[in-house]
Amino acid sequence: MQDHKRYTVRYRDASSRRLEGCFYAGDAFEARVLAMEEISYIKNHPNAIDLIRCEEPQPGLMAA
């Protein structure tokens, strides 16, 4: 089984407000698919997504 990480999917609605949803997924593409299934605005406007960010720390990287 593939490890799932937490991804934030940010999008703009019809009023240009930034909204976010968090999803546990294997990669960014899966997070996008989950967002499209869960949020009807994204399903109808997939190009409204402007960011998909992995929230899990990457192995071997240390914060300064």
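Quick notes
- Count of the range 1-17 residues which are within 13 Å of the chain's Cα centre (by Cα) and not β-branched (Val, Ile, Thr): 7
Conditions (1) outside any strand (DSSP E or B); (2) aromatic (Phe, Trp, Tyr); (3) exposed (fewer than 12 other Cβ atoms within 10 Å of the Cβ), marked per residue:
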position	(1), (2), (3)
SER16	yes, no, yes
GLY21	no, no, no
TYR24	no, yes, no
PHE29	yes, yes, yes
ARG32	yes, no, no
ALA35	yes, no, no
ILE42	yes, no, no
ASN47	yes, no, yes
ILE52	no, no, no
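- Inclusion of GLU30 among residues that are touching a strand residue (DSSP E or B) at 6+ places or on another chain (Cβ under 9 Å) and at pLDDT below 95 is not warranted.
- Restricting the range 1-29 to residues that are among the hydroxyl-bearing types (Ser, Thr, Tyr) and in contact with a helix residue (DSSP H, G or I) (Cβ under 9 Å, 6 or more places away or on another chain), the residue that is farthest from PRO46 (Cα to Cα): TYR24
The values are calculated or read from the model by the stated rules, or taken from the named source; none is laboratory data. Because the structure is predicted, anything quoted here is derived from the model rather than measured. So basically every Cβ, Gly included, is an ideal-geometry build from the backbone, and we count neighbours across all protein chains shown.
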